[in-house]
Amino acid sequence: MPLSNQFSFPIGTVADWHTPNPTQLAPNRRDWLLDAGSLTAKLKAHHDSFSVTVIGQNEGYAEPCEYAALGFTGERVTIREVLLSLDGKPWVFARSILPHLRLRANPELTHLGDQPLGEHLFTRTDTTAGPIQIAEFSATSGAGMLNSQLHHCSHSLWGRRRVFSVAGTQILVSEVFLSPTPCYP
């Protein structure tokens with residue numbers, strides 16, 4: 001069975017998102033959570049064999065906390081959840097909220113297939129990244145249970161999110177670092 005068919009979609013990233021205090025994070029965790037660059041580029045620099053597995057992508061309604069981050073409510077969006085893997089091992093669970101009606105001039109962003117969204121965002125000249133927020137996910141959260149299924153270990157996970165403005169349209173990208181990521185002791 002393909003990896004993408006093993007998980008229930010959507011997994012979600014509902015959490016207590018907040019502005020990070022860098023002094024309260026261990027250096028290895030800070031390096032991953034607060035890196036302002038492209039996570040795709042960081043992962044590719046870590047290992048040659050990078051891949052994206054789409055867990056699911058549908059039109060629907062985002063979570064209230066996601067609409068709050070984006071600054072609008074009630075609009076149907078494209079919800080995309082993927083795994084970012086190195087050498088076939090998932091390192092990151094990512095969830096993107098894309099207001100597809102507002103992105104009509106940029107349809108490639110909602111039709112990525114197994115291409116990483118981050119690569120598109122960081123190569124465009126009309127993209128600006130907002131501030132990073134972080135959250136801790138319990139072992140019983142959707143991301144925590146996904147991690148347990150994938151890596152057969154159970155512990156809390158850390159994630160980050162930020163809003164990107166692409167040609168004036170807001171996109172929310174959340175990334176949860178799974179067990180293999182070097183942000184855990």
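Taking the alpha carbon gyration tensor of the chain, what are the square roots of 5 times its eigenvalues, largest first, to the nearest whole Å? List each step's numbers first, then the result.
Values: eigenvalues 108, 69, 58 Å².
For the chain, the semi-axes come out at 23, 19, 17 Å.
Tell me, what HN-Hα J-couplings in whole Hz come from the Karplus equation 6.51 cos²θ - 1.76 cosθ + 1.60 at θ = phi - 60° for each residue of segment 171-185, using x for Gly and Pro?
These are the phi-based 3J(HN,Hα) values: 10, 9, 10, 10, 10, 10, 7, 7, 3, x, 5, x, 8, 10, x Hz.
What does the charge add up to near HIS47, with Lys and Arg as +1, Asp and Glu as -1, over the other residues with Cβ less than 15 Å from its Cβ?
Details: positive: LYS42, LYS44, LYS89; negative: ASP48, ASP87.
Result for the neighbourhood of HIS47: +1.
Under 12 Å from the Cβ of GLY130, count the other residues' Cβ atoms, weight Lys and Arg +1, Asp and Glu -1, and hand me the total. Please report the intermediate quantities before stating the final value.
Details: positive: ARG160, ARG161, ARG162; negative: none.
Once positives and negatives cancel, what remains is +3.
Amide H of PHE7 versus every other amide H placed in the peptide plane: which residues, excluding those fewer than 5 positions away on the same chain, fall under 5 Å?
Counting only residues 5 or more places away or on other chains, the set is empty.
What list of ³J(HN,Hα) couplings, whole Hz, do you get for segment 36-48 from phi and the Karplus terms 6.51, -1.76, 1.60, once you set θ to phi - 60° and write x for glycine and proline?
7, x, 6, 5, 4, 5, 5, 5, 5, 5, 7, 7, 5
Does segment 33-80 come out rounded, prolate or oblate by the C-alpha gyration tensor, with a ≥ b ≥ c the root eigenvalues, rounded set by a/c under 1.5 and, if not, prolate when a/b is larger than b/c and oblate if not?
On the way: a/c = 4.50, a/b = 1.79, b/c = 2.51.
Since a/c reaches 1.5 but b/c is at least a/b, the shape of segment 33-80 is classed as oblate.
Of VAL54, VAL14, which has the most accessible area with a 1.4 Å probe, and how do the rest follow in descending order?
Values: VAL54 45, VAL14 90 Å².
Solvent-accessible surface, decreasing: VAL14, VAL54.
Treating the beta-carbon of each Lys and Arg as +1 and of each Asp and Glu as -1, no other charges, what is the dipole magnitude of the chain about its Cα centre, to the nearest 20 debye?
Working: 14 positive and 16 negative charges, 33 e Å.
The dipole of the chain has a size of about 160 debye.
Okay, helix-only estimate at 222 nm for the chain: each DSSP H run of n ≥ 4 adds -39500 (n - 2.57), divide by all residues, round to 500 deg cm²/dmol; what do you get? Walk me through the numbers on the way to the answer.
Numbers: 5 runs with 39 residues, N = 185.
It lands at -5500 deg cm²/dmol.
In whole angstrom, how far apart do the alpha carbon centroids of segment 101-176 and segment 69-93 sit?
Here the two parts' Cα centres lie 4 Å apart.
Explain nothing, just the number: relative contact order of segment 132-171, from Cα pairs under 8 Å at least 6 residues apart, as a whole percent. List each step's numbers first, then the result.
On the way: 47 pairs, mean separation 16.8, N = 40.
Relative contact order here is 42 percent.
What relative contact order, as a whole-number percentage, does segment 64-185 give when Cα pairs under 8 Å and 6 or more residues apart are counted? Walk me through the numbers on the way to the answer.
Working: 198 pairs, mean separation 34.2, N = 122.
Computed over segment 64-185, the figure is 28 percent.
Using +1 on the beta carbon of Lys and Arg, -1 on that of Asp and Glu, and nothing else charged, what's the dipole of segment 1-95 about the Cα centre, debye to 20?
On the way: 8 positive and 10 negative charges, 41 e Å.
For this selection, approximately 200 debye.
The values are calculated or read from the model by the stated rules, or taken from the named source; none is laboratory data. Fair warning: this is a prediction, and the values are worked out from it, not measured in the lab. All Cβ positions, even for glycine, are placed from backbone atoms using ideal geometry, and neighbour counts span all protein chains on display. Areas reflect the complete protein model, heavy atoms only, side chains present, ligands, DNA and RNA absent. Shrake-Rupley method; radii C 1.70, N 1.55, O 1.52, S 1.80 Å.
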